[in-house]
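The values are calculated or read from the model by the stated rules, or taken from the named source; none is laboratory data. It should be emphasised that the depicted structure is a prediction, and the values quoted were computed from it without experimental measurement. Cβ: placed from backbone, ideal geometry, glycine included. Neighbour counts: every protein chain shown.
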Amino acid sequence: MYVSGCVGLYLCFAIAVMNFTHIFRDGTLNVVLINPLAQYFPSVVRDLMFEAAFVLMSLMWSFTPATCLLQLSVLSRKTAHWDRSKKLILSFAFTVICLIFVAYTVPMIMPSRELAVIMEKSMRELFAIPEDQFAQTYGISITYESINDGKSMITFVLMFVAIPYCFSYAIIVFVMYRIRKLLISNGMALSQRTIKMQRQFFVMQLLQSVLPLAILSIPVGIVTYGAILNADLGLATLPLTAFVWLCPVAQSAVQLRYVKQSNG
């Protein structure tokens, strides 16, 4: 819970300071910074802040299975006797693997100088940003792959989004099935209070696990569609940004609901 809170807090800070917006145009995924506050940070600091936000954003889907696996390790008789460190290693192994994937893709989102000039010009035209107003772009392109040090958008989408996201969903579906099965006591008469507590626990697990991934399905779909079809979506890409921004809010609401239920 604390980790999720810190991740959400930094993402909200990064969004407020940089106001980054995602646009698919001319076969290029543009992430443009248009917040006037961003210009007061040195370029190196802006790059580091964006890279940190980029890594933490990936935790929205790669971190989610860890909480489910941790709950399963507590409920299962096979792993309940394990010490805490062993349970944590098992639960967070998938997240660590995803972070290795992300570490490989982080440099790919930093464009070459030639591509950065083209992207900035494209975004200024699209948003009618005056030349004297600050704007900075990050991103990756299929169209201009040759001038972007050969960085492949397909590789980026697969390693950063598609593969981790699909595996996260698969793990969560399997774990939720196992948790549900463990909560059903065979041959035992349960009180209404126990049944109610089990139902609340299972619903909370569903909300904590499925809701963030359901919200992110739209951004993931847009990115995958744009990359595979080399689409020119323009301003139609804006829902991608809106749903990415919405995810920390939804996760915080779920955590707040959990705390209220625990204290109640």
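Right, LEU72: part of a helix (DSSP H, G or I) and touching a Phe, Trp or Tyr at 6+ places or on another chain (Cβ under 9 Å) or not? Give the steps one after another, and end with the answer.
Numbers: part of a helix (DSSP H, G or I): yes; touching a Phe, Trp or Tyr at 6+ places or on another chain (Cβ under 9 Å): no.
When the stated conditions are applied, LEU72 does not pass them.
Just one of (1) closer than 28 Å to LEU75 by Cα; (2) surrounded by fewer than 19 Cβ atoms within 10 Å (Cβ to Cβ); (3) modelled with pLDDT of 70 or more fails for ASP149. It is (1).
So which of VAL157, VAL175 is within 23 Å of the chain's Cα centre (by Cα), surrounded by 14 or more Cβ atoms within 10 Å (Cβ to Cβ), closer than 28 Å to LEU75 by Cβ and modelled with pLDDT of 75 or more? Don't jump to the end; show me each part of the working.
Working: VAL157 fails: closer than 28 Å to LEU75 by Cβ.
So the residue among VAL157, VAL175 that is within 23 Å of the chain's Cα centre (by Cα), surrounded by 14 or more Cβ atoms within 10 Å (Cβ to Cβ), closer than 28 Å to LEU75 by Cβ and modelled with pLDDT of 75 or more is VAL175.
Matching residues to (1) within 26 Å of the chain's Cα centre (by Cα); (2) surrounded by 15 or more Cβ atoms within 10 Å (Cβ to Cβ):
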| site | (1), (2) |
| --- | --- |
| THR95 | yes, yes |
| ALA103 | yes, no |
| LYS121 | no, no |
| ALA128 | no, no |
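For the stretch 42-82, a residue qualifies if it is aromatic (Phe, Trp, Tyr) and either closer than 20 Å to ALA242 by Cα or in contact (Cβ under 8 Å) with a residue 24 or more places away in the chain (or both), and the qualifying residues are PHE50, PHE54, TRP61, PHE63. Scanning the stretch 147-164 for any residue that is more than 22 Å from ILE218 (Cα to Cα) and in a helix (DSSP H, G or I) turns up at least one such residue. Looking across the stretch 16-60, the residues that are closer than 21 Å to GLU131 by Cα and among the small types (Gly, Ala, Ser) come down to ALA38, SER43. Count of the stretch 47-69 residues, restricted to those that are under 12 Å from PRO212 (Cα atoms) and β-branched (Val, Ile, Thr), is 1. All conditions but one from (1) in contact with a Phe, Trp or Tyr (Cβ under 9 Å, 6 or more places away or on another chain); (2) small (Gly, Ala, Ser); (3) under 29 Å from VAL44 (Cβ atoms) apply to GLY139; the one that does not is (1). Does LEU88 satisfy the criteria of being of a type in the set (A, V, I, L, M, F, W, C), surrounded by fewer than 21 Cβ atoms within 10 Å (Cβ to Cβ), within 26 Å of ILE215 (Cβ to Cβ) and modelled with pLDDT of 80 or more? No; evaluated as a whole, the condition is false for this residue.
Of the residues in the stretch 83-102, how many are part of a helix (DSSP H, G or I) and free of Cβ contacts under 8 Å to residues at least 12 places away in the same chain?
Of the residues in the stretch 83-102, 8 are part of a helix (DSSP H, G or I) and free of Cβ contacts under 8 Å to residues at least 12 places away in the same chain.
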